[in-house]
Amino acid sequence: MIRFENVTKRYADGTTAVDELSFEVADGELVTLVGPSGCGKTTTMKMVNRLIEPSSGRIFLDNEDISTVDPVQLRRRIGYVIQQVGLFPHKTVLDNTATVPHLLGTGRAKARARAAELLDLVGLDPKVYGERYPEQLSGGQRQRVGVARALAADPPVLLMDEPFGAVDPVVRERLQSEFLRLQQEVRKTVLFVTHDIEEAVRLGDRIAVYGQGRIEQFDTPSAVLGAP
Ligand code: ADP
Ligand code: ADP
């Protein structure tokens, strides 16, 4: 569970990026954050894993105030996927996926076996792609590796910031379907930023519709679309 209580973020230059934000996301729920550029979506996400700190208000993860949790410990509970996935260029796809769990203490063989499973789950046959390097993949395939890598440490929470934004519409649609299917299986608590309302509707259990620094509507896709 993620809960924001009256969270405001004012940057050093005086910009109020989010203003008195309060909302709650249940365990296993996928919430999409949608709205125009500059309305505070990324700022919201980065406060959850303490990449930035709120100016005021409190954020809870499983009823624990995250300002009391060591950021490194916190980030072990939270996977982060961004548009430019930043894979290690000199590591194979399999090693990119296995590295973090290995660093966290999982044995190498076990970490690689799990990585192969996850690559399969995101639709990349590990026998075909496992030993390739990132530059030998398409954009859509790199995004899949990014998702597999975020899942590898098995975090209960995933933050996804326009993870499918850099690929063409056909590939994006495929990634969306596969991600939905995957989420049925893994049931992470997900905050998913997009500026594409169709993507927000398709993926979200609920949608947070942002205006400038505020959530103007927070409801199911059918309610947001105004369906009966
Ligand atoms: P979104 O993700 O919805 O595009 P952001 O959270 O990135 O929005 O930005 C919200 C507002 O905060 C914007 O006006 C943006 O220019 C501003 N902003 C973001 N990061 C910084 C920063 N480091 N310093 C000052 N202003 C920032
Ligand atoms: P996607 O639809 O996933 O974006 P593409 O149509 O871009 O895929 O790529 C099709 C195939 O070509 C994929 O199997 C991919 O692995 C392969 N491919 C793309 N770029 C390269 C490259 N630079 N080197 C080797 N194979 C590549």
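For region 167-203, filtering for residues that are within 16 Å of ligand 1 (Cβ to nearest atom) and under 23 Å from Asp27 (Cβ atoms) leaves 6. Among the residues of region 117-155, which ones are within 12 Å of ligand 2 (Cβ to nearest atom), among the aliphatic types (A, V, I, L, M) and either buried (at least 20 other Cβ atoms within 10 Å of the Cβ) or modelled with pLDDT of 95 or more (or both)? Residues satisfying the conditions are Val122, Leu124, Val128, Val145.
Which of the strands (runs of 3 or more DSSP E) found entirely inside region 1-78 contain at least 2 residues meeting this: open to solvent by 30 Å² or more (accessible area, probe 1.4 Å), more than 10 Å from ligand 1 (Cβ to nearest atom) and within 20 Å of Val193 (Cα to Cα)? Outline the logic, then answer.
Details: elements: 2-10, 16-25, 30-34, 56-61.
Per the criteria, 2-10, 16-25.
The set of residues from region 87-109 being in contact (Cβ under 8 Å) with a residue 40 or more places away in the chain and open to solvent by 30 Å² or more (accessible area, probe 1.4 Å) comprises Phe88, Pro89, His90, Lys91, Val100, Leu104.
For (1) touching a residue at least 24 places away in the same chain (Cβ under 8 Å); (2) loosely packed, with under 14 Cβ neighbours inside 10 Å; (3) charged (D, E, K, R), each residue gets a yes or a no:
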| residue | (1), (2), (3) |
| --- | --- |
| Val171 | yes, no, no |
| Leu175 | yes, no, no |
| Arg181 | no, yes, yes |
| Gln184 | no, yes, no |
| Lys188 | yes, no, yes |
| Val193 | yes, no, no |
| Gln212 | yes, no, no |
| Ser222 | no, yes, no |
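Of all residues in region 66-78, those that are closer than 24 Å to Gly146 by Cα have Cβ atoms under 8 Å from Cβ atoms of residues that are surrounded by 13 or more Cβ atoms within 10 Å (Cβ to Cβ) and at pLDDT below 90, 6 or more apart or on another chain, in Arg76/Ala153.
The values are calculated or read from the model by the stated rules, or taken from the named source; none is laboratory data. Bear in mind that the values here come from a model prediction, so they are computed numbers and not experimental data. Cβ atoms come from the backbone with ideal geometry, glycine included; neighbour counts cover every protein chain shown. Side chains are part of the model used for accessible areas, which takes the heavy atoms of the whole protein and leaves out ligands, DNA and RNA. Shrake-Rupley method; radii C 1.70, N 1.55, O 1.52, S 1.80 Å.
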